[in-house]
Amino acid sequence: MAFSGALTITDLDDFLTPSQACIIPVRNKPTTTAEEGSTEIQIDSNNNYYEVSTYPTDNINGGPGPSTLNGKKALEKAEINLNDCLACSGCITSTESLLITLQSQNEVLEFIQSNPTALDPNSPCHKPRLPILSISPQTLASLSAAYSSAQSRPTIPLLVLLRRIRAFLSRPGKGGWRVWDTTFARHMSLKETVVEYHERKDKKDKGKSTELPMLASACPGWVCYAEKAQGDMLHLLSNARSSQGIIGALAKDWYGHKTNHKPNEIYHVTAMPCYDKKLEASRSDFYSSLYSTRDVDCVLTTGELDLLLQELGFDPYLSVPNEDTPFSGQSEESPFPELLNHEGSSSGSYLATIIREIQSSHSNPTKISTREIRGSTDNVEYLIHDLVSGEVLFKGAKVYGFRNLQNLVRKVNKETGLGKGGRSGAGAGKLSLAVAARRRKAKTATSGTSGTSTPGESGLSDVDSISSLSLSSGEDKKLDFVEVMACPGGCVNGGGQMKPVSTNTVVNGTEDKMEVDEEGYTRPLPDDGTDIDIDKASKAKDGSLINSGVEEGMRWSTKEWVEKVEAIYWNGLPTPPPSPPLEASNIKLKLYRSEPNGHVDGPAQTNGHVDRNRQADLIAEQIVRNVCGDDSAKRWEFLRTRFRKVESDILAQGGVTLEAVKW
C-alpha cells in the first residue's frame, strides 16, 4: 500500500546511495561583512574557484572602479567529515560516498607502511602502535559467499575464514595484526540489554514513569535518524553499547591495560557490514579526550576489507594449521571466546535474547506466537503466552528497513502519546486503545459465529484451549521491545556487504548501464530515488509505481544472494544453533541466566561439557570487574552510551522542521 503524507515524513528510503545534496557547505558558508562588500565567484582556466570582490575602489588612474589588488581569494573545497554529518534523509542508509575520506582501506595500508615493526630509537614514535582488527560475523559470511561465487568453490566456514585471515595478517610484513571477531562483544551487549530491560520493566511494575517499548540501538542508521528526526523518542532507545562500541572499549581500555599499551598506542580497526558504523565510531562517547584517540580508529566495510586483503595478496583458500579446531575460552590468538552463537536473528539476536530470558525466568510453560505485518518477513510481531493463565506476558517485534521503520514510529507514537502531543500527550494513546477495542469487538463477533471452543470442549485440554484463545488477545497489548534495523533483511544485507557482481544485460534491445562503485566493483547504475523508468515500471493496485527491475531494498543485491549469506552465517559457526529463527513452540529453554545486577549464576561446565555462552558470561563479568571495579558510574560508561537530539539551525530557520523539508 502507498504511504500517506503523515508516514512519509522525510525523503528516507531503502536505497544504498545518496538521494540528495548535502547542506553542510551551506551551513558552514562564511558571512560577508559590510567592509568586504559584495563578491562574485570566478573560475580560471585550471578550474580553480576564486572569490573576487566587486566593492568599488579607486583604480591606479585615480578614478573609481573595481579593485583588482588583494581582492582575489582562492576558495577552499567544501569537505565534509563524519563528525559534520547530519545524517539527513538519503545518506542515513547510504554509502556516504561523499563523506568518507579518511576511513578506508587506503588509510589502513598507509598505517601498515608507516607503523614501525621494531623499536627504532630514531623513529619519532619509539613504540609501534599495536594493530587490532575486529571482524563482524556478518562480514565473514559475506566474504565467504563472495569467495565461493568468484572461484566456483565451496563456501568457507566462518571459523576457518577467521583463522586464515588471522594467520595472514599476523605476519610482520602484513602489519602484525591481532585479529578477533566481534561475537563476544555482541554477547556482552546482549547481556547489558537484558539488564537494562529488567531495569525498565521493574520501574513499570512499581508504577513509576516507564520508558517502554525499549528500542534496540545497535543500528547506527536508525540511531542517526532518531536523533535528527525523532528526538522525542530518544528516551526509548536502549543505552547498551553495540558490539562495535563494546569491542572498542575492550580493545583500548581492557586489552591495552593487559598488554601495557596506552589507548593511543593501539590502532583498532573494525570490519562491519554497514557504512553507518563509520558514523557510530565518530561519536563523542567513543572518544578519549585524555589520550586524544577513539575506541575505533578506522571502520572498514566488508567490501573495503576485501580490497585491503586483495592489496596484501590474501588467498582465502590457502589452509593454515588448526584452522577448524574450536577453542574454548581465551587463547593466545584471541583473548575472548570465538564466534559465539545466539539463536534468533543474524542482526544481533536482541529480540530473541529478551524472549528467551523471559521464558527461562517465567514459572509456567510458555508459547511463542508470531504475526507478519502485511505479509512482510521484515516486520514481525512476537507474543509470549502463559499456557496456564492465557496471559500475554510480552509483545515484541523485529522491524527492518526504513519503510517499516516509519510505520513503527507511528505505532509507538500512538501507544506512548508522543508525537504532536509531546511526551505527556495522551490523545494518540487513547486513539490506539479505541482502535484496539473495536478490533476486539469485531473478533469476538467473528468467533461467536464460528463456534470457537471453550476450555475443555472438542477434546482440547485446558492448556491448549486457553493458549488458542490467547493468541488473539495481543491487540491491546503494547509493545515491550523492538529490534530495529535500517536495512531490509537486516545486517547481512548491509550497505557495506559484498554484492553479486552483475554483467551487462540486454533488455528490449538496449544494454543496461553499469558503473564502478566507490569500492571499485562493477554494479548496475544506481537509481537516485527520484527518476523511475516508466517503461520498466508497473502500477500496484493503489496506483503506486513498482520498479520490476529492482527488488525492494535490494538495490545492488538480490534476495537469493542475501539468503545465501544468511545460510553461511548460521551454518558456518563452530556449533550452529539448533534453530536460528524463533518459532512458535512450547519452550522452556535456558541459554544462559544472568541476574539483573549482571552477575552469573551456575558453573560454565556441566558433566564435562563446556557451555560456551556461560563461559563467556564469566569472562565478561571478570573483565567488567577488572575495568570498573565496584564503580557503577564507570560501569555505565564502559557498557552504555547516550543519545542527543539534534536541533538543526539550518532546517529550523523560519519554523521549518526536519520532517517538513522537501529536497
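Here is how the numbers come out for the structure above:
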quantity	calculated
Residues (of a type in the set (Gly, Ala, Ser), within 21 Å of Ser345 (Cα to Cα) and open to solvent by 20 Å² or more (accessible area, probe 1.4 Å)) located in region 370-412	Gly375, Ser376
Matching option when the condition is assigned to a loop (DSSP other than H, G, I, E, B) and farther than 22 Å from Arg171 by Cβ, among Leu351, Leu290, Leu318	Leu290
Count of region 186-236 residues which are closer than 19 Å to Lys477 by Cβ, in contact with a helix residue (DSSP H, G or I) (Cβ under 9 Å, 6 or more places away or on another chain) and free of Cβ contacts under 8 Å to residues at least 24 places away in the same chain	1
Tabulated pairs, region 367-389, first more than 15 Å from Pro488 (Cα to Cα), second modelled with pLDDT of 90 or more and in a helix (DSSP H, G or I), C-beta under 6 angstrom, 6+ apart or interchain	Ile384/Ile358
Pick from region 139-189, criterion open to solvent by less than 10 Å² (accessible area, probe 1.4 Å) and not in a helix (DSSP H, G or I), ranking: farthest from His268 (Cα to Cα)	Ile156
Test result for Glu304, open to solvent by less than 20 Å² (accessible area, probe 1.4 Å), assigned to a loop (DSSP other than H, G, I, E, B) and either at pLDDT 95 or above or of a type in the set (Asp, Glu) (or both)	no
Restricting region 310-320 to residues that are out of contact with any Phe, Trp or Tyr (no Cβ under 9 Å at 6 or more places or on another chain) and in contact (Cβ under 8 Å) with a residue 12 or more places away in the chain, the residue that is farthest from Leu109 (Cα to Cα)	Ser319
Hits in region 349-385 (condition: within 23 Å of Thr183 (Cβ to Cβ), out of contact with any helix residue (DSSP H, G or I) (no Cβ under 7 Å at 6 or more places or on another chain) and among the aliphatic types (A, V, I, L, M))	Leu351, Ala352, Ile355, Ile358
Number of the condition not met by Ala240 [criteria: (1) at pLDDT 95 or above; (2) on the phi > 0 side of the Ramachandran plot]	(2)
Candidates Glu199, Glu192 - the one that is surrounded by fewer than 18 Cβ atoms within 10 Å (Cβ to Cβ), of a type in the set (Asp, Glu) and under 30 Å from Gln615 (Cα atoms)	Glu199
Boolean, Val223 is of a type outside the set (S, T, N, Q), crowded, with 24+ Cβ neighbours inside 10 Å and either over 18 Å from the mean Cα position of the chain (by Cα) or assigned to a helix (DSSP H, G or I) (or both)	yes
Qualifying residue in region 245-254 (condition: more than 23 Å from Gly490 (Cβ to Cβ), open to solvent by 10 Å² or more (accessible area, probe 1.4 Å), part of a helix (DSSP H, G or I) and out of contact with any Lys or Arg (no Cβ under 7 Å at 6 or more places or on another chain))	yes
Residue within region 262-274 that is farther than 28 Å from Ala146 by Cα, assigned to a loop (DSSP other than H, G, I, E, B) and open to solvent by 10 Å² or more (accessible area, probe 1.4 Å) present	yes
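Yes/no per residue for (1) within 15 Å of Trp180 (Cα to Cα); (2) more than 17 Å from the chain's Cα centre (by Cα); (3) touching a residue at least 60 places away in the same chain (Cβ under 8 Å):
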position: Leu300; (1), (2), (3): yes, no, yes
position: Glu304; (1), (2), (3): no, yes, yes
position: Pro326; (1), (2), (3): yes, yes, yes
position: Gly329; (1), (2), (3): yes, yes, yes
position: Pro335; (1), (2), (3): yes, yes, yes
position: Glu338; (1), (2), (3): yes, yes, yes
position: Ser347; (1), (2), (3): no, no, yes
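The values are calculated or read from the model by the stated rules, or taken from the named source; none is laboratory data. The model shown is predicted, which means the values in this text are computed figures rather than measured ones. Heads up, the Cβs are rebuilt from the backbone with ideal geometry, glycines too, and the neighbour counts pull from every protein chain shown. Quick note on the areas: whole protein, heavy atoms, side chains included, nothing else; ligands and nucleic acids left out. Shrake-Rupley method; radii C 1.70, N 1.55, O 1.52, S 1.80 Å.
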